[in-house]
Each structure stands twice: as C-alpha cells, then as structure tokens.
Amino acid sequence: MYSPVLLRDRPRPVQILLGGVIPAAIGALNGVLIGVSSVAYWIVAVLAGVGAFVAGFEHRDGWGGADRGLVGGAIYGTSLLIAHALVGTHAKVSLGSFPPFLVVITAIFGMFLGAAGGRIARLQRERAGIFLTDEHAAQ
C-alpha cells in the first residue's frame, strides 16, 4: 500500500514546495513546451495529471485531495500561461478563444484528480484498519 506522509504533517517549506513551487515549475515548463512541441506538451500535461492524482494520497480523504488539486491546478495553469506569454511563441496546442479560461480547466482537472487520489488512499488505509478521519483516532 502506498502511504506517504500527509501534507499537513510535513514542514511548512516542504508544503510550499509540494503544493505551490512544483505545480508552478511544471506549468512554466509546459508554457515553454506549448510553443515547441505538441507531443512534449501533452507528455508533460499527462505527467502533471499523474502528479495531481498521486498528491491526493497525501491527504486524509478526497476532500483534502480536491482542495490541493484545485489550488495546484490553478497554479499550474497560471504559470503555463505566464511562461507562454513571456516566451512569446505560437502555441502548437489550442489555448481556446479565451486563454485565461485554461486556468479554470486545469483547476477543475486538478481537483478531480486530487480527489480521486485522496479517496483511493482513504479506502486503502481503512482496509488496513487505519482511520484518519475526525470520527476515528489514528490507528
């Protein structure tokens, strides 16, 4: 069973790194890649999605994973757009007719992926007899 340390139990600098800096860095990378190669862009986008799902495991349940995924997805989408604007290349993947809406889309995808990871982690812990909810004491 994959059971990482919960994000809330990590030191604040690590929380900032995992919850903010890494999504921003991956978003900025994809902001550059979107003007270089659509294949590279989609590979990194899928890896970012996998990261959002796995990050959900660092929360007590799907709600915590959803919160983190929402914020991480918004940070990712925002840094993607900023980096793309700074580089000034033509996007090889459509950003839609209103590119800022991409932030909403990435936030929603992040929310659902993080929630799924958090929910699965909770089910795995409960099957192992470990309860982290407010109603139960930790193991």
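For every residue, the table says whether it meets (1) at positive phi; (2) of a type in the set (D, E, K, R).
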residue	(1), (2)
Phe57	no, no
Gly72	no, no
Gly88	yes, no
Thr106	no, no
Met111	no, no
Arg122	no, yes
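Against the conditions (1) in contact (Cβ under 8 Å) with a residue 12 or more places away in the chain; (2) over 11 Å from the mean Cα position of the chain (by Cα); (3) outside any loop (DSSP other than H, G, I, E, B); (4) over 25 Å from Val5 (Cβ atoms), Thr89 satisfies every one except (3). All but one of (1) within 10 Å of the chain's Cα centre (by Cα); (2) within 22 Å of Arg122 (Cα to Cα) hold for Gln15; which doesn't? It fails just one condition, (1). Residues in the range 37-54: is at least one surrounded by 15 or more Cβ atoms within 10 Å (Cβ to Cβ) and outside any helix (DSSP H, G or I)? For the range 37-54, residues surrounded by 15 or more Cβ atoms within 10 Å (Cβ to Cβ) and outside any helix (DSSP H, G or I): absent. Would you confirm whether or not the range 78-98 contains a residue that is within 28 Å of Arg125 (Cβ to Cβ) and either loosely packed, with under 15 Cβ neighbours inside 10 Å or at pLDDT 95 or above (or both)? Within the range 78-98, none of the residues are within 28 Å of Arg125 (Cβ to Cβ) and either loosely packed, with under 15 Cβ neighbours inside 10 Å or at pLDDT 95 or above (or both). On the given criteria, is Val5 surrounded by fewer than 19 Cβ atoms within 10 Å (Cβ to Cβ), part of a loop (DSSP other than H, G, I, E, B) and in contact with an Asp or Glu (Cβ under 9 Å, 6 or more places away or on another chain)? So Val5 fits the description; yes.
The values are calculated or read from the model by the stated rules, or taken from the named source; none is laboratory data. Everything quoted here is computed from the prediction, not taken from an experiment. Note that each Cβ is placed from the backbone with ideal geometry, even for glycine, and that neighbours are counted across all protein chains shown.
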